[in-house]
């Protein structure tokens, strides 16, 4: 039986986080106790201004009104975010609208959506690939 070389073993271990995130549009190290779901108003995120719709639920699955919801966009390959801050408004209890979510360059964007209510929070990170 032939054992794997130390380099092959190291590369295999380093690739595990990448494989774990494959195909998963929303991830967070600690998602919190609130459930946060988010998607673009259009069929898919696009270059330019986007609208993101956010739903927040408490631990029992009920819509959570009055949460403090924030959205930030980050382009890891370039080390910068969006030039425009998204303004979040509650459209109905537990439902929020964030705009503009400006993705001004093609590439990979990380959109972090966080909701807080008292000591509770929920967070997701959406990974979007934006074409030119």
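No value in this document is a laboratory result; all are computed from the given coordinates. Keep in mind the model is a prediction, meaning the values are calculated, not measured. Methodologically, a virtual Cβ is constructed for each residue, glycine included, from the backbone with ideal geometry; neighbour enumeration extends over all protein chains shown.
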May I ask you to verify whether residue 100 is more than 22 Å from residue 31 (Cα to Cα) and over 17 Å from the mean Cα position of the chain (by Cα)? no
Counting just the residues of segment 52-69 that are in contact (Cβ under 8 Å) with a residue 12 or more places away in the chain and exposed (fewer than 15 other Cβ atoms within 10 Å of the Cβ), which one comes out nearest to residue 109 (Cα to Cα)? 68
Answer from 132, 118 - the residue that is touching a residue at least 60 places away in the same chain (Cβ under 8 Å), loosely packed, with under 15 Cβ neighbours inside 10 Å and more than 16 Å from the chain's Cα centre (by Cα): 132
